[in-house]
Amino acid sequence: MRYLGVLLLFTVFLSISACCSKKNKTIEVSKDEVITENEMIEAGYKKATIVYFAQKEAPCDYLIQVDDNTNLFEPQKELENDFKENNKPIWIKYQFQRRMSRCESAQPIGIISIEKRVE
């Protein structure tokens, strides 16, 4: 009889622990899946455009203009070749840099993340 009580208690314990698992579940998203504009904004990205100035020298030839701002931003590091295209729409996460700008009318920024944007 005592053996049956212990077995019943053990079964209840296993049932409760199986139902209340606190494992972190990761969801893999394929690269073909489209992420909506609202999801990008919630993730901290801003809409922006790459602007090319032919008369400027590197690093001022490719600057970034955030869509909700008229200011131009100078990336701290040179952009990758995939992003060196005039009027290329992008999503960007950035932070302002406390250094002097190498470009006359652009504010220096550090790029945290940059993604291509489909128009």
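FYI, it's all coordinate maths here, none of it is from the lab. In this text, all values refer to a predicted model and were calculated from it rather than measured experimentally. A quick note on method: Cβ atoms are made from the backbone with ideal geometry, for glycine too, and the neighbour counts reach across all protein chains shown.
For the stretch 62-114, which strands (runs of 3 or more DSSP E) that fit wholly inside it have 2 or more residues that are of a type in the set (Asp, Glu)? Give the steps one after another, and end with the answer.
Working: elements: 62-66, 72-75, 88-96.
Strands (runs of 3 or more DSSP E) meeting the threshold: none at all.
Report, by residue number, each residue of the stretch 69-119 that is exposed (fewer than 15 other Cβ atoms within 10 Å of the Cβ) and under 19 Å from Ile35 (Cβ atoms).
Within the stretch 69-119, Asp82, Pro89, Ile112, Ser113, Glu115, Lys116, Val118, Glu119 meet the criteria.
Within the stretch 38-91, which residues are more than 16 Å from the chain's Cα centre (by Cα) and small (Gly, Ala, Ser)?
Ala54, Ala58
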